[in-house]
1. May I ask you to give the percent of accessible area on the chain that is carbon plus sulfur, with a probe radius of 1.4 Å?
2. Compactness ratio of segment 59-210: Cα Rg over 2.2 N^0.38 Å, N = residue count?
3. Taking segment 1-108 as the region of interest, what is the percent of Cα-Cα pairs per 5 angstrom bin, listed from the shortest bin to the one with the maximum distance?
4. Cα convex hull of segment 164-212: mean projected area in nm², to one decimal?
5. Which length gain, in nm to one decimal place, applies between Ser242 and Ala75 when the Cα-Cα distance is subtracted from 0.36 nm times their residue separation?
6. How much FRET efficiency would the formula 1/(1 + (r/R0)^6) give for Asp47 and Arg218, where r is the Cβ-Cβ distance and R0 is 30 Å, rounded to 0.05?
7. What ranking do 140-151, 62-73, 10-21, 229-240 get when scored by the average of other Cβ atoms within 10 Å per residue, highest first?
8. Between Asn195 and residues 5 or more places away or on another chain, which pairs have amide H atoms under 5 Å apart, with H built 1.01 Å from N, and which residues are they?
Amino acid sequence: MRVSLCTITFRHHLISLDEIAAWAEANDFQGVELWGAHARNLSPRLDRNAEWLDGYGLSVPMISDYLPLDGDVEALRHKAVELCRLARRWRTRKIRTFAGSRGSLDVSADERQQIVERLQEICTITASYGIHLLVETHPKTLADTAASTMRLIEEVDHPSFAINFDTLHVWEGGDDPVAVHRAMKPHIRHYHLKNIVGRAELSVFEPANVYAAAGSRRGMTPLFEGVVDYERFLTEIADEPSVDASLEWFGNDCFETLRRDRRQVRQAVDGTEPNRRAASQ
């Protein structure tokens, strides 16, 4: 398993990519997942690219961004091409987005069809660059439950369409991550790993809160101290050497939490029981 950290973790930190890369190398990470905003803002730095990151023994597994699927179609196409060019610069073959901005029960059949058609069009663009478009399992999108996500895979029906499996959000949708993984596995190209102390705190991951510097971090917890059973889930994917996963941490104490979570993920994958603190349901 190749494990990355996410630059979105440091969205409110005064820290350079050089510092992030050096720390990631020293703490057993294999990659740095770039937030789309960071990838764009690095564009003027022509000396910062995949070759530069090679020097740290790291790669960019994925650029995570938000394509405006329910907005202006020309703006959507332009942004998709821009992301593909950034992906080439960082030598990644994966771009992540969300399947719209409304839940599967909140859209009409026509609205769903429009999102599907736009995903198909963007997949045609990404395919021309040799890149996969990954939709993340996420609330308030068309990938908010396992059933809707599997339906979306069938509807888009494109070889460049895939899934970023956010384990917590699969659980949030009311499904068992291990059972869903077994059904969805052929379509999964990446994993996001994070946890929460209880279902009542899930609103802490609302985008408006997560992206606010003064937002609450109450309920965010290290990977093995929350309600999702990551010992069980990691056992499910541990035997796949090509697995790409990112520790998606939004809380405080970034370095210490990521360091500990990375160590415990290695212990879990290697078959050593990690230390686990019980959490409420």
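The values are calculated or read from the model by the stated rules, or taken from the named source; none is laboratory data. A quick note: this is a predicted structure, and the numbers were derived from the prediction, not measured. Using ideal geometry, Cβ is built from the backbone for each residue, glycine included, and neighbour counts are taken over all protein chains shown. Ligands, DNA and RNA are excluded from the accessible area calculation, which covers all protein heavy atoms including side chains. Shrake-Rupley method; radii C 1.70, N 1.55, O 1.52, S 1.80 Å.
1. After summing per-atom areas, the C and S share lands at 50 percent.
2. Taking the Cα Rg and dividing by 2.2 N^0.38 Å, one obtains 1.00.
3. With a bin width of 5 Å, the distribution comes to 2, 11, 21, 22, 17, 11, 8, 4, 2, 0.
4. Averaged projected hull area, Cα only: 3.9 nm².
5. 56.7 nm
6. So the FRET efficiency works out to roughly 0.15.
7. 140-151, 62-73, 229-240, 10-21
8. Thr221
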